[in-house]
Amino acid sequence: MSNLPIKEKLKKFTCIDECPVRNVLARFSGKWSMLVLCVLAENGATRFNVIAKAVPDISPKVLTETLKALEASGLISRKLYAEIPPRVEYSLTQLGLSLMPLLGSLITWSLDHFDEIVRGTQEK
């Protein structure tokens, strides 16, 4: 870590539009995004209904919005097959795949510390 005063260290986070941390993390740190990314990482190319079954407490509208946001960020791709009825599959892009080891570490940490975190919220 640098020897800069705390005020200087935090300065890099104050320019909202240019802050890489805010802008990048906001793309996949929503309530549902990480779960959707994990489903795609485990299953490869996956249809909408399979994702919805894997995350049963997400509404179809919110799942659609989440998929669109992840696609717009370049983390997933959407492939439409010209069939009757049309078939759509979602999969991780190379960028999305590169994120998964980091999310895997976060998931491992979450599993290791779940009880502590839950206890901490119950003690308040």
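The values are calculated or read from the model by the stated rules, or taken from the named source; none is laboratory data. Small disclaimer: the values here were computed from a predicted structure and weren't measured. Don't worry about glycine lacking a Cβ; one is built from the backbone with ideal geometry, like all the others, and counts go over all protein chains shown.
Numbers for the structure displayed
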read-out	value
Single condition Ile58 does not satisfy, out of (1) in a helix (DSSP H, G or I); (2) surrounded by 14 or more Cβ atoms within 10 Å (Cβ to Cβ); (3) at pLDDT 95 or above	(1)
Among residues of the range 64-94, those that are part of a loop (DSSP other than H, G, I, E, B) and without any contact (Cβ under 8 Å) to a residue 40 or more places away in the chain, counted	7
Members of the range 76-124 found to be charged (D, E, K, R) and surrounded by 11 or more Cβ atoms within 10 Å (Cβ to Cβ), listed by number	Arg78, Arg87, Glu89
The listed residue being free of Cβ contacts under 8 Å to residues at least 12 places away in the same chain, within 18 Å of the chain's Cα centre (by Cα) and part of a helix (DSSP H, G or I), out of Leu97, Leu102	Leu102
Whichever residue in the range 1-54 is in contact with a Phe, Trp or Tyr (Cβ under 9 Å, 6 or more places away or on another chain), at pLDDT 95 or above and not in a helix (DSSP H, G or I) and, among such residues, is surrounded by the most Cβ atoms within 10 Å (Cβ to Cβ)	Thr46
